[in-house]
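Contents: one structure, followed by commentary.
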Amino acid sequence: MNADDSGTAEPTEMGYDVGENEALGAGSSSGLASEMTRRFARIDAIRAEGGEPYPYRFDRTHTLAEIRAEHGDLEPGTETGTHVAVAGRVLLIRDGGKLIFATMRDRSAEIQLFVSKAVVGDEPFGEFRQLDLGDWVGVHGIVMTTRKGELSIKVDRFELLSKAVRPLPDKWRGLTDTDTRFRQRYADLIVNEQARRAFQIRHAMISSFRRTLDSHDFIEVETPVLHMEAGGAHARPFVTHHNTLDMPMVLRIALELHLKRLIVGGFERVYEIGRVFRNEGISTRHNPEFTMMELYWAFGDYSEVMAITEELLRNAAQDATGSMVIDVNGTSVDLATPFRRARMIDLIEEQIGVAVHPSMPLDDARLLADEHGVKVNTAWGTGKIIEELFEATAEADLVQPTFVTGHPVEISPLARVDRNDPFLTERFELFVGGREIANGYSELNDPREQRARFEDEQSARDAGDDEAGRVDEDYLRALEYGMPPTGGLGVGMDRVAMLLAGTNSIKEVILFPTLRPEVF
């Protein structure tokens, strides 16, 4: 801030900084109450003088980023003839006597406001002095640079657009309590540049996905959120009730089965980006509602799907961060390098030194699980135990992009059997940074085999597996009309955002994550 450009004594900062609990109302601070009382009184005074602290609109001519783009190369001490109207939140105010310097920010950028008493007049200058940090203002003025080269707006008039009655969090510390940050995201976004960056990356990533899929002639669709049966994944659903039809329904746990119905209908290349809901635990990797992208590609198999998965991630990294090289917990990961492909059973053998296969005796699989600290459910078969062994021994080491292939049939009820091994499937999961990012496979399109798989799922559910699926008769009927060879893909968009933003918590890339109720 070039406040000393005024040539006056060192200015003092205006505003009211409070601790985090006070600023956010987490306690009954007398300091906060007093400050809010003062600001409410200011609102009353503005109205008593015939003003309006919350006007209906403001017509701006430029965003702050546009001004920086057009005038970023001005020489120091330059005053243009360009008159602009801009709007934003006041983040910093410094009083230099007959000059006030303030920092304004809109969605796109920040800029300095240069407010001269000689230009705006005594009364408006006094009113500007009564602004508080956090107030929204609309400003009219000339684009200029100070003697030190700070791009500024020389204000000739301004208006209050919204009076902030609650003080901003401390400008130096921001919000230090993570639960408060997620619960009051609006305050977090005001003071936390990293939070704003994460959501800008998320937006750019999703836009990139759409551009890539559009370039491959995919059609974007929307499918129902309310389902008769939960299908397309192993997960517990949220259950609700439709009053008019007087019937239970569930929130979708995946997008898959309706999208594949559209392949049956002839769409050929189709995708959806949408919310799915799983009634499960909350952790750094899991939120009960999250965003999935699923695509289905007729006439291909999982090899085409792996190729487009690489393309999607590379384009998203480039578009969102400007590079295909990302940092994962201090390790450099180059997404431009072809991704490794390895079977799940081979990765387990690399870790434990023992060959495993879904055809091995169940008792042998249970012994291996016990040796490696994996708890086994009595309803599990060898294939499920192999998956648990993989998660316990191999998953965390997959930092570099790796397609894990060859999942057991038992854990892949919608995937085709591997053409070379009847105990495995043509399925893959993509891992980066030890996290699953995507899941895809050659889609099972034989209605009789699909029925048998569904019936196995139903049996597992009847035996106590709450995450197992049921027999979906309508989906089976769709398959009986004929679904062409198809490859499918599901991508956890929140996890991709985590990867590109360089964060280890899913809450950092979901604007309003699920939290326990707040106690007021």
Unmet requirement for Asp346, which otherwise passes all of (1) among the acidic types (Asp, Glu); (2) over 23 Å from His227 (Cβ atoms); (3) not in a helix (DSSP H, G or I): (3)
Scan of the range 141-157 for residues that are assigned to a strand (DSSP E or B) and either buried (at least 17 other Cβ atoms within 10 Å of the Cβ) or within 30 Å of the chain's Cα centre (by Cα) (or both), ordered by number: Gly141, Ile142, Val143, Met144, Thr145, Leu151, Ser152, Ile153, Lys154, Val155
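With respect to Arg416, is the statement that it is basic (Lys, Arg) and under 31 Å from the mean Cα position of the chain (by Cα) true?
no
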Some residue of the range 383-396 being modelled with pLDDT of 95 or more, over 30 Å from Glu310 (Cβ atoms) and in contact with a helix residue (DSSP H, G or I) (Cβ under 9 Å, 6 or more places away or on another chain): yes
Residue under evaluation Thr321, criteria (1) hydroxyl-bearing (Ser, Thr, Tyr); (2) touching a helix residue (DSSP H, G or I) at 6+ places or on another chain (Cβ under 9 Å); (3) not assigned by TED's automatic domain parsing to the domain that holds Thr503, criterion not met: (3)
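Restricting to the range 206-261, give me the number of residues that are assigned to a helix (DSSP H, G or I) and touching a residue at least 12 places away in the same chain (Cβ under 8 Å).
So the first thing to find is which residues in the range 206-261 are assigned to a helix (DSSP H, G or I), and the list is 206-215, 256-261.
If we keep only those that are touching a residue at least 12 places away in the same chain (Cβ under 8 Å) as well, we get 206-213, 256-261.
Residues in the range 206-261 being assigned to a helix (DSSP H, G or I) and touching a residue at least 12 places away in the same chain (Cβ under 8 Å): 14 in total.
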Of the criteria (1) more than 31 Å from the chain's Cα centre (by Cα); (2) modelled with pLDDT of 95 or more; (3) farther than 19 Å from Thr145 by Cβ, which one Thr78 fails: (3)
Pairs, first outside the structural domain of Val409 (by TED's automatic domain parsing) in the range 357-368, second surrounded by fewer than 18 Cβ atoms within 10 Å (Cβ to Cβ) and part of a helix (DSSP H, G or I), C-beta under 9 Å, six or more apart: Leu368/Ile352
Qualifying residue in the range 371-380 (condition: in contact with a strand residue (DSSP E or B) (Cβ under 9 Å, 6 or more places away or on another chain), closer than 22 Å to His234 by Cα and of a type in the set (A, V, I, L, M, F, W, C)): no
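Rundown of residues vs (1) at pLDDT below 95; (2) under 22 Å from Asp421 (Cα atoms); (3) of a type in the set (Val, Ile, Thr); (4) not in a loop (DSSP other than H, G, I, E, B), yes/no style:
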{"site": "Thr337", "(1), (2), (3), (4)": "no, no, yes, no"}
{"site": "Val354", "(1), (2), (3), (4)": "no, yes, yes, no"}
{"site": "Ser359", "(1), (2), (3), (4)": "no, yes, no, no"}
{"site": "Ala369", "(1), (2), (3), (4)": "no, no, no, yes"}
{"site": "Ala379", "(1), (2), (3), (4)": "yes, no, no, no"}
Residue that is nearest to Ile385 (Cα to Cα), among those in the range 410-461 that are in contact (Cβ under 8 Å) with a residue 60 or more places away in the chain and part of a helix (DSSP H, G or I): Ile411
Sole exception among (1) more than 28 Å from the chain's Cα centre (by Cα); (2) surrounded by 18 or more Cβ atoms within 10 Å (Cβ to Cβ); (3) on the phi < 0 side of the Ramachandran plot for Ala342, by number: (2)
Exclusive hit being surrounded by 20 or more Cβ atoms within 10 Å (Cβ to Cβ) and basic (Lys, Arg), set Arg477, Arg448, Arg470, Arg427: Arg427
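For (1) on the phi < 0 side of the Ramachandran plot; (2) in a loop (DSSP other than H, G, I, E, B); (3) surrounded by fewer than 20 Cβ atoms within 10 Å (Cβ to Cβ); (4) in contact with a Lys or Arg (Cβ under 7 Å, 6 or more places away or on another chain), each residue gets a yes or a no:
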residue: Gly97; (1), (2), (3), (4): no, yes, yes, no
residue: Ala102; (1), (2), (3), (4): yes, no, no, no
residue: Phe128; (1), (2), (3), (4): yes, no, no, no
residue: Glu159; (1), (2), (3), (4): yes, no, yes, no
Filter result for Asp334 (acidic (Asp, Glu), assigned by TED's automatic domain parsing to the domain that holds Met498 and closer than 18 Å to Leu430 by Cα): yes
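The values are calculated or read from the model by the stated rules, or taken from the named source; none is laboratory data. Just so we're clear, the structure is a prediction, and the values are computed from it rather than from any experiment. Note: ideal-geometry Cβ built from the backbone for every residue, glycine included; neighbour counts use all protein chains shown.
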